[in-house]
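S.K.: Let me begin by handing over the structure; questions about it come next.
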Amino acid sequence: MKLQISFDLTDLDKAIAIATQVAPYVSILEVGSLLLYKYGIASVERFRTTFPEKTILVDAKILDRAQEAVTLLANAGADWITVMAGTSSQVIHAACTTAHELNCKIMLDLLDADSLGQSALEAKSFGADAILFHKPHDEEASLMFLDKWDIVRGNTTLPIFVSGKIARTILDKIMEIKPDGIIIGKSIIDATNPADEAKFYHDYCTPDLLVSTKSQET
């Protein structure tokens, strides 16, 4: 299971500083939409330059002008880019086609999907590489959105990443549905020691790796 950290901050220097601390424990570093709104392409370039070996996802939430937007972000260093499922099929297809031409991948965000099942079903045919399943950030902390997990999982073979104010208190419930990745923001970003918190989630998500490592040491 992959661990993705979302840097939805308005201070790029702070985001880079925290990312430097947590990078050893993270599969994907996410340039959050707030960083993109404030700093534009420069935020993507900064993450790419600072972390040349890491996978960088840009939460661009593309709804229109897909070819141009994906080209800008991919050339800036993005490995993954988010596109909203509620936009037209033409936009999603254009985003995926352009991304693949530039050696980049698309994560389809179901946040605004008219039908979760239908969007999940069509995602692969459009060319999407993964699906993002979550509840809006502004909603109260709740696991009610997980009731719709089967609708999504049952209609796609693509990897599914889960986000939704994930914290230690609800991690067991999240893990029960066996997502392909989890996305964590404030629980790590706002921690007293972000590196320790990131290590906790990393170790929790990769128990098989820990067992294998310990076996090799003995």
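The values are calculated or read from the model by the stated rules, or taken from the named source; none is laboratory data. Since the model is a prediction, treat every value here as computed from it, not as a measurement. With ideal geometry, Cβ positions are generated from the backbone for all residues, glycine too; neighbour counts draw on all protein chains shown.
S.K.: Pairs only if they're at least six apart or on different chains, beta carbon under 8 angstrom, first in the stretch 144-165 and farther than 26 Å from Ala191 by Cβ, second of a type in the set (Gly, Ala, Ser) and surrounded by fewer than 18 Cβ atoms within 10 Å (Cβ to Cβ); list them, first residue then second.
M.R.: Short answer, once both residue conditions are applied: Ile151/Gly117; Val152/Gly117; Gly154/Gly117; Asn155/Gly117.
S.K.: Considering the stretch 120-162 alone, what residues qualify as being at pLDDT 90 or above and not hydrophobic (A, V, I, L, M, F, W, C)?
M.R.: Hits for the stretch 120-162 are Glu122, Lys124, Ser125, Gly127, Asp129, Asp150, Arg153, Gly154, Asn155, Thr156, Thr157, Pro159.
S.K.: Moving to a separate point now. With respect to the numbered conditions (1) under 23 Å from Gly181 (Cα atoms); (2) part of a helix (DSSP H, G or I), which one is the sole condition not fulfilled by Lys14?
M.R.: Unmet for Lys14, out of (1) under 23 Å from Gly181 (Cα atoms); (2) part of a helix (DSSP H, G or I): (1).
S.K.: Here's something else I'd like to know. Could you list, in sequence order, the residues of the stretch 7-40 that are of a type in the set (Gly, Ala, Ser) and closer than 26 Å to Val70 by Cβ?
M.R.: Matches in the stretch 7-40: Ala15, Ala19, Ala23, Ser27, Gly32, Ser33, Gly40.
S.K.: For the stretch 165-181, does any single residue satisfy the condition of being of a type in the set (D, E, K, R), at pLDDT below 90 and under 15 Å from the mean Cα position of the chain (by Cα)?
M.R.: Yes: one or more hits.
S.K.: Among the residues of the stretch 160-208, write down those that are assigned to a loop (DSSP other than H, G, I, E, B) and among the small types (Gly, Ala, Ser).
M.R.: Across the stretch 160-208, the qualifying residues are Gly164, Ala167, Gly185, Ala191.
S.K.: Still on this model: Of all the residues that make up the stretch 32-78, how many are in a loop (DSSP other than H, G, I, E, B) and of a type outside the set (A, V, I, L, M)?
M.R.: The total comes to 9.
Conditions tested, residue by residue: (1) buried (at least 20 other Cβ atoms within 10 Å of the Cβ); (2) out of contact with any His (no Cβ under 8 Å at 6 or more places or on another chain); (3) charged (D, E, K, R); (4) farther than 24 Å from Asp180 by Cα.
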residue	(1), (2), (3), (4)
Leu36	no, yes, no, yes
Gly86	no, yes, no, no
His93	no, yes, no, no
His100	no, yes, no, no
Leu111	no, no, no, no
